[in-house]
Amino acid sequence: MKNTIFSNPSGLDDQSYNYSTAYDMALLMAYAMENPVFRQITNTSKYRFTTSNGKCYLLYNKHKLITGYDYVIGGKTGYTVKAHRTLVTYATKNDMDLIVVTFDCSDDWNVHMKLFDYGFDNYKMKTVFKRQVIKTDGKYLYTPYIDENIIIPLKSNEEIDIKVFLLKNVTKEDEVLGKVIIYINNQQIYSKDVMKYL
């Protein structure tokens, strides 16, 4: 999250200085969804609990797409006077996870559904580089390898270019030996560390 500053823990407007981007909010949601407790909370449409003094409360999730769109499993609504409406939504279908983020969008529920429909209809997860030892000319001091398959969403007509870069000056203490970089139309879309085979 290179373009985000929160000067208070809530992000709410006051005398503090808070700003972010849609991309950074998507990164934050992707990270948060790796936490099983957060994942369960954000996927809960309603929750009833009783306090120690006997008061009963029923809470409702304000994110309408949790129950209004089949593949949504989490999200966060938001509003401040400065930012207006904000919405982050996480959906998954056919092993593909998508995140939609909108700021100051009056029709955000419909926009999110349309963007998910577009993503799920036009992209499929494809293995573009398999877990493997990377062959070298025999002069490289260490054995480089990719520790897991690289699987990314692609359109059916998209062609990718894969380049492997190995560092020249590595020591026995180094674990990362380089990178595999995936390009579409000369634009980098993904990168993964090349590791030292132990």
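Suppose every Lys and Arg Cβ carries +1 and every Asp and Glu Cβ carries -1, with no other charges. What dipole size does the stretch 3-150 come out with about its Cα centre, to the nearest 20 debye?
Dipole magnitude for the stretch 3-150 comes out near 380 debye.
In sequence order, what are the phi-derived ³J(HN,Hα) couplings for the stretch 128-133 according to the Karplus relation 6.51 cos²θ - 1.76 cosθ + 1.60 with θ = phi - 60°, rounded to whole Hz, with x for glycine and proline?
Result, ordered by residue: 9, 7, 8, 4, 6, 7 Hz.
Per residue, how many Å² of accessible area does the stretch 29-113 show with a 1.4 Å probe?
66 Å²
Over the chain, what portion of Cα pair distances is larger than 25 Å, expressed as a whole percent?
Roughly 54 percent, once rounded to a whole number.
If R₀ is 30 angstrom, what is the calculated FRET efficiency for the pair residue 23 and residue 184, using the beta carbon separation as r and rounding to 0.05?
0.95
Which one, 189, 35, 151, is farthest towards the positive end of the dipole of the chain when Lys and Arg carry +1 and Asp and Glu -1 on their Cβ?
Most positive-ward Cα: 35.
In a shell of Cβ-Cβ distance under 15 Å around residue 188, excluding residue 188 itself, what net charge do Lys and Arg (+1) and Asp and Glu (-1) give?
Residues near residue 188 contribute -1 overall.
Which percent of the accessible area of the stretch 41-198 is formed by carbon and sulfur heavy atoms (probe 1.4 angstrom)?
Using a 1.4 Å probe with all protein chains present, the stretch 41-198 comes out at 49 percent carbon and sulfur.
The values are calculated or read from the model by the stated rules, or taken from the named source; none is laboratory data. For clarity, every value in this text was computed on a predicted model and none was experimentally measured. Positions of Cβ are generated from backbone atoms using ideal geometry, with glycine treated the same way; all protein chains shown enter the neighbour counts. Surface accessibility is based on the protein's heavy atoms, side chains included, excluding ligands, DNA and RNA. Shrake-Rupley method; radii C 1.70, N 1.55, O 1.52, S 1.80 Å.
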